[in-house]
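Only one structure is covered here, and it is reproduced in the block below.
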Amino acid sequence: MNLPDKAQLMDSEGIRRAITRIAHEIVEKNQGVEDLVLVGIRRRGVPLAQRLREKISDIESLNIPLGSLDITLYRDDLSTSHVQPIIHKTEVPFSIDGKIVVLVDDVLFTGRTVRAALDALMDMGRPQAIQLAVLVDRGHRELPIRADFVGKNVPTAKKEIISVCVHEIDGDDSVSIQKLHL
Amino acid sequence: MSFQRKDLLGLRGMTAQEISYILDTALPMKDVIQRDIKKVPTLRGKTVVCLFYEASTRTRTSFELAGKYMSADTINISTSTSSVVKGESLIDTGKTIDAMGADIIVLRHGASGAPALLGKHVKARIINAGDGFHEHPTQGLLDMLTIRERKGTLEGLTVTILGDILHSRVARSNIWGLTTMGAKVRVCGPATLLPPEIEALGVEAFTSVEEALEGADVVNVLRMQLERQQKGLFPSIREYARLFALNKERLKRCKSDVLVLHPGPMNRGVEIANDVADADFSAIEEQVTNGVAVRMAILYLMMGGGTANGSVH
């Protein structure tokens, strides 16, 4: 595989501004942060959810609950290969009954991760509503799922690769696209 | 990292990396057991058959629940009510189950090596749930998970296995697993119940409980297998209890933060005193919970799949 062209779509400033805007949109749409909880999808949704929480706390002076979700056990592609993904811990140390859950992930692509996350949340309780916030929506949905809050819409070809780096995991903040020349 | 073996027959020959991988996978499974809705869809459409040629409560129930918590269909066959009483051989029974589409057969058998034999004749993957005096790998794994949770690590710990070593598959799986993970293992029991060459497995053998417990971090007390003691290997149960039972007095020789394990079912007052079994430093109930978690991890690793980088994007 040859990946010569790697173009940056967002730098750390761009990500920061997108997160700030999404935080405001979440507060606006829900008319405050009452009953609001954030749940990041592992791995890179978790630091993004953490940043959203800080922004929302700046805006509303309130710390809202934050959880993290590992969706491995809910995946639909577990039997298609013989290499098993490592399962990380799901940590949602609060009840989601009656809450508005904002799911946070880095990239929205086929929608299958979000489908798995919705099932995982339903097994934990009965939220009042679930909303979805993503840093990048790259299209190519395979399921009827859409995001409520999007940092950046990026039209892509299916074979291109979008990589999101967050400094908590990768050391720096960036969103880039790699074009495949096959 | 993935689980490449067809069958899980024992901990002998398993690498430290493989064991850690199973134990790490068991941790998130514990969260599933502890929540309100104890079910994840991971193994939907998979079939697990528990084929038990020996009596068992906890291991069989544990495997059955582990499968059910992950949405697999689990079936139990106890041989007393099956075609085995009509004289069907192990391999024929296995092939029958295979032909019905089972993905995994969990086998307990009185003969050492029975799971390995069956594994060669069926397409289903075999999990050894205890074979003769050979191995009981999931018990070894759940013991290690319990120790690791309480002590933080396995490396460098001194673990004393006390009791009937000769007849114990639990002892052998513990020995293989713990020595691989870097623990020091001691075995202790009446001389008649210690296999003569046991030290060749990399353990220290003792016939004095007091010496074996000196400075131990963990004591794993084995069940006196009364059903296997017909040959007069020790004079009486009462004498055994007097000389080898783990009681509070003997425990004083261990480290002050000693952890006591017992694979169950316990013969209270024989190999373990009542007040020891129920004390805070015993993790006997935790072992049962961890047993379900470890078996969920094993079922997941043997039946799951997925993409190499762990991402659905």
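Values quoted throughout were computed directly from the atomic coordinates according to the rules given, and no laboratory measurement underlies them. These numbers were taken from a predicted model, which means no experiment stands behind them. All Cβ positions, even for glycine, are placed from backbone atoms using ideal geometry, and neighbour counts span all protein chains on display.
In a GNM of chain B with a 10 Å cut-off on Cα contacts, which of B:ALA102, B:ALA111, B:ALA124 has the highest mean-square fluctuation? Of the options given, B:ALA111 has the highest mean-square fluctuation.
Based on DSSP loop calls and a cut-off of at most 13 other Cβ atoms within 10 Å, the longest stretch of chain B free of exposed GluC sites (Glu not before Pro) is what? Formally, the longest exposed-site-free interval is B:1-154.
As a length-normalised measure over Cα pairs under 8 Å and 6 or more apart, the relative contact order of the stretch B:137-284 settles at 24 percent. Long hydrophobic helices in chain B: the complete DSSP H runs spanning 27 Å or more by Cα along their own axis with mean Kyte-Doolittle hydropathy of at least 0.0 are B:16-34, B:284-303. By the equivalent-ellipsoid construction on the alpha carbon gyration tensor, the stretch B:1-106 comes out with semi-axes of 26, 18, 13 Å, ordered largest to smallest. Excluding same-chain neighbours fewer than eight residues apart, the lysines reachable from B:LYS86 by a Cα-Cα span under 19 Å are B:LYS95. When the square roots of the Cα gyration tensor eigenvalues are ordered a ≥ b ≥ c, the ratio a/c for the stretch A:1-118 is 1.5 or more and a/b does not exceed b/c, which makes its shape oblate.
Compute the FRET efficiency between B:ALA55 and B:SER112 as 1/(1 + (r/R0)^6), taking r as their Cβ-Cβ distance and R0 = 25 Å, and round to the nearest 0.05.
Calculated value: 0.90.
If R0 is 35 Å, what FRET efficiency do you get for A:GLU34 and B:GLU286 from their C-beta distance, rounded to 0.05? All intermediate terms of the calculation are to be shown ahead of the outcome.
On the way: r = 39 Å, r/R0 = 1.12.
The value I calculate is 0.35.
About its Cα centre, the dipole of the stretch B:180-252 is roughly 340 debye, where the only charges are +1 on Lys and Arg Cβ and -1 on Asp and Glu Cβ. In the stretch B:137-284, Rg over Rh equals 0.92, where Rg is the alpha-carbon radius of gyration and Rh the Kirkwood radius from pairwise Cα distances. Name the residue from A:SER174, A:ALA49, A:LEU69 whose Cα lies farthest towards the positive end of the charge dipole of chain A, charges +1 on Cβ of Lys and Arg and -1 on Cβ of Asp and Glu. Towards the positive end, the residue furthest out is A:SER174. If you look at the Cα atoms of the stretch B:141-227, you get an Rg and a Dmax of 12.0, 36 Å. Rounded to the nearest 10 degrees, the inclination of helix A:112-122 to the longest alpha-carbon principal axis of chain A is 20 degrees. When the helices of the protein assembly as shown are scored as -39500 (n - 2.57) per DSSP H run of n ≥ 4 and the total is divided over every residue, the value at 222 nm lands at -10000 deg cm²/dmol. Identify which of B:LYS231, B:LYS86, B:LYS38 has the largest mean-square fluctuation in a Gaussian network model of chain B, with springs joining Cα atoms closer than 10 Å. Sorting by GNM fluctuation, first place goes to B:LYS231. Averaging the sequence gap over all C-alpha pairs within less than 8 Å and six or more residues apart, then dividing by the number of residues, gives chain A a relative contact order of 28 percent. Pairs of alpha carbons in the stretch B:203-313 separated by more than 25 Å make up 38% of all such pairs.
The Cα trace of chain B gives Rg and Dmax of 19.4, 66 Å, the first to one decimal, the second as a whole number.
Starting from the Cα gyration tensor of the stretch B:28-90, take the square roots of the eigenvalues, sort them a ≥ b ≥ c, and report rounded, prolate or oblate (rounded when a/c is under 1.5, otherwise prolate if a/b is larger than b/c, else oblate).
The shape class here is prolate.
The count of lysine pairs in chain A that are at least 8 places apart or cross chains, and whose C-alpha atoms lie under 15 Å apart, stands at 5. What the pair-distance distribution of the protein assembly as shown shows, using all Cα-Cα distances binned every 10 Å from zero, is 4, 18, 24, 20, 17, 11, 6, 1, 0 percent. In a DSSP loop and with at most 13 other Cβ atoms within 10 Å, there are no chymotrypsin sites (Phe, Trp or Tyr not before Pro) in the stretch B:1-101.
Since only B:VAL219, B:SER168, B:SER112 are under comparison, the one whose Cα sits farthest along the positive direction of the charge dipole of the stretch B:92-235, derived from C-beta charges on Lys, Arg, Asp and Glu, is B:SER112.
In whole angstrom, the stretch A:3-64 maps to an equivalent ellipsoid with semi-axes of 26, 13, 9, each derived as √(5λ) from the alpha carbon gyration tensor and ordered largest first. Of all DSSP bridge pairs formed entirely within chain A, close to 35 percent run antiparallel.
Averaged over peptide B:28-34, the number of partner chain Cβ atoms lying within 10 Å of each residue's Cβ comes to 3. Contact order, relative form, for chain B: 20 percent (alpha carbon pairs under 8 Å, 6 or more residues apart, mean separation divided by residue count). Exposed loop sites were defined as trypsin sites (Lys or Arg not before Pro) in DSSP loop states (anything but H, G, I, E or B) carrying at most 14 other C-beta atoms within 10 Å; in chain A the longest segment without such a site runs A:1-88. If exposed GluC sites (Glu not before Pro) are those in a DSSP loop with at most 13 other Cβ within 10 Å, what is the longest stretch of chain A that has none? With GluC sites (Glu not before Pro) excluded where exposed in loops, chain A gives A:35-141 as its longest stretch.
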